[in-house]
Amino acid sequence: MDIKQLDEFAKEIIFEAGKNIRAAFSYNIEIETKSNPNDLVTNIDRETELFFIEKIKAFNPDHRILGEEGMGETVNNLKGVVWIIDPIDGTMNFVKQHRHFMITIGVYVDGVGVLGYIFDVMREDLFNAIAGEGAWYNDSPLRKLQPVKIEEAVIGINANWVTPNTRINHEKIIELVQTVRGTRSYGSAAMEIAFVVSGKLDAYMSMRLAPWDIGGGVIIAKEVGAIATNLDGKDFDYLSKDTFLIANPSIHQLILDKYIEEKK
Ligand code: 2AM
Ligand code: CA
């Protein structure tokens, strides 16, 4: 397989999809809810996923697509070439803020990540990686992450997890929040991952993410030395939903050991 050619093709369709999404702000966006009243989807999420499926199938009908909106075929293994796609990551930001939402894509060959993309649609900013060759931000190489002390770290975390909840011991998260230099919450997992791989955040965690939220980002992470696991310190489960922690390598294990206590 010609990875460079695949990379060029992926970038081309990501930029074209971005242009279509930006144009959609001048006509009606129809908003619906999915699993709960805060889980939003729009006609643009669906149209964008369909756009990717049509383009990819025309490029190579053997490639399969695992997309958030489920408009491709059912994918229950990662054999062959699988594109893991979130057409809009941060749909609430898309609907309410008209910014801070990403297209994110990971291309996997027999379960191994080869190409990763996170595209900030409004800023037209691309973070991408080719496995084994490096990672880039708008064509400038991203550097390996430099060590950071936990006291100087800025971490991405949702405020829910410092309040009593059924998933995690919030007292420990309070300790974490009081230890680090600062916290942020952007509402797009892919955006927070893009910030970790480029050193704008030092860690990001979530209690429940799907393969399409992180499938592109983890490929970029590997190239810069960021560590991505679930909250048990194990590999993320790509065929289901899972907890997630991505961090600078100097604080990943420390966060797991000292500040994460899941309620199981
Ligand atoms: P989305 O916008 O593509 O749905 C913050 O809300 C982040 O978590 C976003 O990246 C969002 O992706 C993701 N997210 C929201 N609800 C989710 C769910 N039920 N399962 C997995 N990821 C979810
Ligand atoms: Ca989405």
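At a glance:
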item: Fully extended contour minus Cα-Cα distance, from residue 35 to residue 110, at 0.36 nm per residue; result: 24.0 nm
item: GluC sites (Glu not before Pro) within segment 1-97, DSSP loop, no more than 16 other Cβ atoms inside 10 Å; result: 30, 73
item: In sequence order, calculated HN-Hα J values of segment 73-82 (Karplus, 6.51, -1.76, 1.60; Hz; x Gly/Pro); result: 7, 6, 10, 10, 8, 10, 6, x, 9, 10
item: Residue-averaged 222 nm ellipticity for the chain, from DSSP H runs of 4+ at -39500 (n - 2.57), nearest 500; result: -9500 deg cm²/dmol
item: For segment 150-259, the Rg and Dmax computed from alpha carbons only, in angstrom; result: 12.6, 36
item: Within-12-Å neighbourhood charge of residue 34 [Cβ basis; K, R +1; D, E -1]; result: -4
item: Where the chain is the region considered: accessible area per residue in Å², 1.4 Å probe; result: 47 Å²
item: Kirkwood-based Rg to Rh ratio, segment 96-138, C-alpha trace; result: 1.08
item: GNM flexibility winner over the chain from 164, 37, 61 (Cα, springs under 10 Å); result: 37
item: Accessible-area composition of the chain, carbon plus sulfur, in percent [1.4 Å probe]; result: 48 percent
item: Amide H partners (placed H, <5 Å) of residue 78, local residues excluded; result: none
item: Isotropically averaged projected area of segment 3-141, using the convex hull of Cα atoms (one quarter of hull area), nm²; result: 8.4 nm²
item: The chain: Cα Rg divided by the 2.2 N^0.38 Å rule of thumb; result: 0.97
item: Cut-off under 5 Å, modelled amide H: who pairs with residue 261 long-range; result: 169
item: Rounded to whole Hz, the Karplus (6.51, -1.76, 1.60) HN-Hα couplings of segment 15-20, x for glycine and proline; result: 5, 5, 4, x, 4, 4
item: Part-to-part distance (alpha-carbon centres) for segment 17-48 and segment 197-264, which is given in Å; result: 27 Å
item: Entries in 55/96; 11/149; 4/222 that, when Cα-Cα distance is taken, lie over 26 Å; result: 55/96; 11/149
item: Rounded accessible area of residue 100 (nearest 10 Å², 1.4 Å probe); result: 60 Å²
item: Test item: Cα-centred dipole of the chain, Lys/Arg +1 and Asp/Glu -1 on Cβ, debye; result: 560 debye
item: Max mean-square fluctuation residue, GNM over the chain, Cα-Cα springs under 10 Å, options 116, 67, 134; result: 134
item: Simple Cβ-charge dipole of segment 1-67, Lys/Arg +1 and Asp/Glu -1, about Cα centre, in debye nearest 20; result: 60 debye
item: Positive-end extreme of charge dipole, the chain - chosen from 29, 14, 196 (charges on Cβ); result: 196
item: Shape category assigned to segment 144-209 from the gyration tensor of Cα positions, a/c cut at 1.5; result: oblate
item: About the Cα centre, charge dipole magnitude for segment 103-247 (Lys/Arg +1, Asp/Glu -1 at Cβ), debye; result: 280 debye
item: Cβ-based charge dipole, segment 105-183, positive-most Cα from 112, 132, 148; result: 148
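The values are calculated or read from the model by the stated rules, or taken from the named source; none is laboratory data. The shown structure was predicted, so the numbers you read here are calculated from the model rather than taken from an experiment. Quick reminder, even Gly has a Cβ in these numbers, built from the backbone with ideal geometry, and neighbours come from all protein chains shown. For the accessible areas, the whole protein counts, side chains as well, though only heavy atoms, and no ligand, DNA or RNA atoms are used. Shrake-Rupley method; radii C 1.70, N 1.55, O 1.52, S 1.80 Å.
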